[in-house]
C-alpha cells in the first residue's frame with residue numbers, strides 16, 4: 001500500500017491488529033498499535049480493545065487482558 005502511496009486508514013490498521021491478534025502475533029499487534037498512535041494520533045477504540053483482549057487471552061495472558069479492560073473502563 002505505502003509503495004503505491006496509498007496509506008492505510010484507521011479501519012485498515014484496526015483490521016491488521018485484529019488479524020495479528022487472531023493469528024498469535026499479539027506482540028506485533030501492539031507494535032502496530034504504537035505506530036498507529038504515532039502516525040494517526042488515535043486512541044484505542046472498542047474494536048481494538050476487543051481484538052487485543054482476545055489475543056492476550058489466547059496466549060494465556062489473562063492478567064494483561066484484565067489490565068487492558070480496566071484501562072478501557074477508565075477512558076470510556
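Were the residues from residue 58 through residue 35 laid out at 0.36 nm apart, the gain over their Cα-Cα distance would be 6.0 nm. Between residue 70 and residue 5, the contour length at 0.36 nm per residue exceeds the alpha carbon distance by 19.6 nm. Projected label points at residue 25 and residue 47, each 7 Å from Cα along the beta carbon direction, are separated by 1.8 nanometres.
The helix-based estimate of mean residue ellipticity at 222 nm for the chain, built from -39,500 (n - 2.57) per DSSP H run of four or more residues and divided by its residue count, is -23000 deg cm²/dmol to the nearest 500. The Cα atoms of the chain cover 40, 27, 15 Å along the three principal axes, with the biggest extent listed first.
Relative contact order of the stretch 2-75: 29 percent, from C-alpha pairs under 8 Å at least 6 residues apart in sequence.
Readers should treat all values here as calculations from the given coordinates under stated rules, not as data from a laboratory. From a predicted model like this one, the values you see are computed outputs, not experimental measurements. With ideal geometry, Cβ positions are generated from the backbone for all residues, glycine too; neighbour counts draw on all protein chains shown.
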